[in-house]
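Before any comments, here is the structure.
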Amino acid sequence: MSKKKQPVGVAIDDVTIKGVDGLQLSIDNEVIGTVLPLENGSFEAQIGSDRPVKIKTQDEAIEYLIQAYNLHH
């Protein structure tokens, strides 16, 4: 039997972490990770307490968080 595909609720909220405005990504009311801008124009994506990953664009950082969530759930 295959699993039936169900819609997933994804929320992107504005947050301030250590004085830096960024985004917090949640899926079904579970916080997945954060995206923060860096001074050089790139972004930093962090899942939980894992090491942050530097990514070129904000959209790519959001995609990274969603892909990591799908990989582990």
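A few comments on the model shown:
- Rounded to whole Hz, the Karplus (6.51, -1.76, 1.60) HN-Hα couplings of region 67-73, x for glycine and proline: 5, 5, 5, 5, 5, 9, 10
- Compared with the direct C-alpha span, the chain from residue 15 to residue 40 gains 7.0 nm at full extension, assuming 0.36 nm per residue.
- Relative contact order for the chain: 19 percent, from Cα pairs under 8 Å spaced at least 6 residues apart, divided by residue count.
- Length gained on full extension, residue 60 to residue 30, computed as 0.36 nm times the residue gap minus the Cα-Cα distance: 8.8 nm.
- Less than 5 angstrom separates the built amide H of residue 42 from none of the residues sequence-distant by 5 or more or on a different chain.
- Sequence-ordered 3J(HN,Hα) estimates for region 19-30 from the Karplus curve with 6.51, -1.76 and 1.60 and θ = phi - 60° stand at x, 10, 7, x, 10, 10, 9, 10, 10, 6, 6, 10 Hz, glycine and proline given as x.
- Legend: P(r) of the chain from all alpha carbon pair distances, 10 Å bins from 0, whole percents, reading 19, 53, 21, 6, 1.
Just so you know, all these numbers are worked out from the coordinates, no wet-lab data involved. Quantities reported herein were computed from a predicted structural model and do not represent experimental measurements.
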